[in-house]
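Novice: To start, I am sharing the structure in question, which I have written as structure tokens.
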Amino acid sequence: MHGTTTTAWLLVLLCAASGGYCLLRLRTGAAEERAGAGAEALMAFGMAAMAVPAAALWSTEWSRLLLGGVFLGAGAWALWGLRRPDCRRSHHVHHAVGSLAMVYMVAAMAAVPGAGGAHHAVPGAGGVPLLTGVLLLYYAGYVLRGGVRLLPVAAQGGAGTGPAAGAGGGAGSGPAAGRASGAARGEVVEACRLAMGIGMFAMLVGL
């Protein structure tokens, strides 16, 4: 039980940290990027709240209805955004899947008496095994894909720190520095998305 509680708090911290970084991203970028950052922040903080190892937090019907309603609305917003021709369709679909997965876990919690969170549900007692399996496969693929996408970024970042990078004498400023800074921010964003994917996978395993 101690190990389970420790893991749950680690999941809370991981999701909360990801959500905090997503909030910072709201200050910059285009409208579409800020909207995506807001959706990811909502998802991260919702996951953190659901993972809190306190049975009383989600033991009441109104609290589960509130959480489920928030993510049902978030899923509808993500699907509605698909109508725009300039939207990033893969991101909207992923946000919709994540929001509906949260609604599904809330419903699964309601079906398990005394369950205080998705991470503490009785194994096999909540949720539909087939749907849970499909979601696990989706997030397993998402995590693997995210990990693979981070590897080339890390390799390129290391390649730019050798002697060739400083041959021009001005590598620390100008367009090259701007590109390096943008690549670093992109890497952190991908890492946050990867962390959230791992968190969602862990919560689904707890059903």
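Novice: If each of A17 and C87 carries a label point 7 Å out from its Cα toward its Cβ, how far apart are those two points in nm?
Specialist: Label at A17, label at C87, 3.2 nm between them.
Novice: Taking a probe of 1.4 angstrom, what is the accessible area of L151 in Å², to the nearest 10?
Specialist: The accessible area of L151 comes to roughly 120 Å².
Novice: Here's another thing I want to ask about it. Report the accessible area of E33, computed with a 1.4 Å probe over the heavy atoms of all protein chains in place, in Å² rounded to the nearest 10.
Specialist: Around 100 Å² of this residue is reachable by solvent.
Novice: Further, regarding this structure: Considering only the other residues whose Cβ falls under 12 Å of the Cβ of A30, what net charge follows from Lys and Arg at +1 and Asp and Glu at -1?
Specialist: Details: positive: R25, R34, R88; negative: E32, E33, D86.
Around A30, the charge tally is 0.
Novice: Points 7 angstrom from Cα along the Cβ direction at L72 and E33: gap in nanometres?
Specialist: It is 3.5 nm.
Novice: Using alpha carbons only, what's the Rg to Rh ratio of the stretch 68-111 with Rh from Kirkwood? Intermediate results must be reported in sequence, preceding the final value.
Specialist: Working: Rg = 11.4 Å, Rh = 10.6 Å.
Result for the stretch 68-111 is an Rg/Rh of 1.08.
The values are calculated or read from the model by the stated rules, or taken from the named source; none is laboratory data. For clarity, every value in this text was computed on a predicted model and none was experimentally measured. Positions of Cβ are backbone-derived with ideal geometry, glycine not excepted, and every protein chain shown enters the neighbour counts. When the accessible area is computed, the model is the full protein with side chains, heavy atoms only, and any ligands, DNA or RNA have been set aside. Shrake-Rupley method; radii C 1.70, N 1.55, O 1.52, S 1.80 Å.
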